[in-house]
Amino acid sequence: MPEHLKLTTDFRRDRLRLVEQLREEGVQDLAVLHAFALVPRHLFVPDAMHHRAYKNTPIPIGDGQTISSPEIHAISLELAEIHQGDRVLEVGTGSGFQTALLAALGADVYSIERLTSLSNRARDTLLTLGYQVHLEIGDGSLGLPSHAPYSAIIVGAAAKKPPAALFEQLVEGGRLIVPVGTSNQTLYRYTQRGAEHIRERIGGARFVPLIEEST
Ligand code: SAH
C-alpha cells in the first residue's frame, strides 16, 4: 500500500469507534464527525502515545503542552459553526490536530503558536497529510490583525480573561470560543452582535495557560 494511504488507513477502526463515541456524547454536527473520521489523530501525538490517540483523553505533546480531548475539540468546533470557506483563527497550534480538523471542515485556517518547535512539528505533520493552512509564530493573545476579520476564533489555552484584541477581529455574528480561568476554568462562546458580545457557558474545562507576553 502506498505510504500516504497507509497514514490514513492505520487505526481506522479505532478512529470510527471514537466518532461513534463522540456522537453518543451528543456531538451532532455531521461535518465535525466526518472531520474526526478523516484526520489521523495518532500522527499528531508522540509515537509512544499512538495507542492512546483514539481514546477520549488529553495527551501530552511535548514542550509542556497538551492536546485537548477529542470531545473538547469536537464541541468547540461544533459551537464555532465552521462552514466551508470561513476564515478562522486558531490560537495555540500545538500539535496541529485541531488545525487539521479545521482544514478538513473546509475553513481557510490561520493558526498562531508561540513555541517555534511545536509550530515546526505541526507544519511537518500537516504538510505530510496534505493540509493547506497558514501557520504563524507569535503571541496569539493579540490575535492576527493582518488577516482579520475572522468568522470564528478558537483559543486552545486558558486566558485569565478573554483577550480584548480577539473581539475586535471577529466579523459581525462571529464566534469566539475561549477557556477562561486559572485552576477553575470555564469554556465560553462569545458571539459578536454589534457593540456587544453575547456570552454562553459551554462547560468546565482544563486547558494549559495562555501566555500573554505582551501584557
Ligand atoms: N488544540 C491544540 C492544543 C493546544 S495546547 C492541538 O490540537 O494540539 C495550547 C497551545 O497554545 C500550546 O501549544 C501553547 O504553546 C500555545 N500558546 C499558549 N499561549 C499562547 C499565546 N499567547 N499565543 C500563541 N500560542 C500560545
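Just so you know, all these numbers are worked out from the coordinates, no wet-lab data involved. Remember, it's a predicted structure, so these values are computed and weren't measured experimentally. Here the Cβ is made from the backbone with ideal geometry for all residues, glycine too, and neighbour counts use every protein chain on show.
Take the Cα atoms of the chain, find their three principal axes, and give me the spread along each one in whole Å, biggest first.
Projected onto its principal axes, the Cα set of the chain covers 54, 36, 35 Å.
Is the shape of the range 131-215 rounded, prolate or oblate, going by the alpha carbon gyration tensor and its root eigenvalues a ≥ b ≥ c, with a/c under 1.5 for rounded and a/b larger than b/c for prolate?
Numbers: a/c = 1.59, a/b = 1.10, b/c = 1.44.
In terms of gyration-tensor shape, oblate.
Pick from Gly106, Gly96, Gly194 the residue whose mean-square fluctuation is largest in a GNM of the chain, springs joining Cα atoms under 10 Å.
So, out of Gly106, Gly96, Gly194, the one fluctuating most is Gly194.
I'd like to know which of Ser151, Ile177, Gly140 lies farthest towards the positive end of the charge dipole of the range 139-200, counting +1 on Cβ of Lys and Arg and -1 on Cβ of Asp and Glu.
The residue sitting farthest along the positive end of the dipole is Ile177.
Among rounded, prolate and oblate, which fits the range 81-169 when a ≥ b ≥ c are the square roots of the eigenvalues of its C-alpha gyration tensor, a/c under 1.5 means rounded, and a/b larger than b/c means prolate?
oblate
In Å, what Rg and Dmax follow from the Cα atoms of the range 38-84?
When restricted to the Cα atoms of the range 38-84, Rg and Dmax are 11.7, 34 Å.
Take the alpha carbon gyration tensor of the range 55-123, find the square roots of its eigenvalues, order them as a ≥ b ≥ c, and report rounded if a/c is under 1.5; if not, report prolate when a/b exceeds b/c, else oblate. Intermediate values should be presented prior to the final figure.
Working: a/c = 2.40, a/b = 1.29, b/c = 1.87.
Because a/c hits 1.5 or more and a/b fails to exceed b/c, the range 55-123 counts as oblate.
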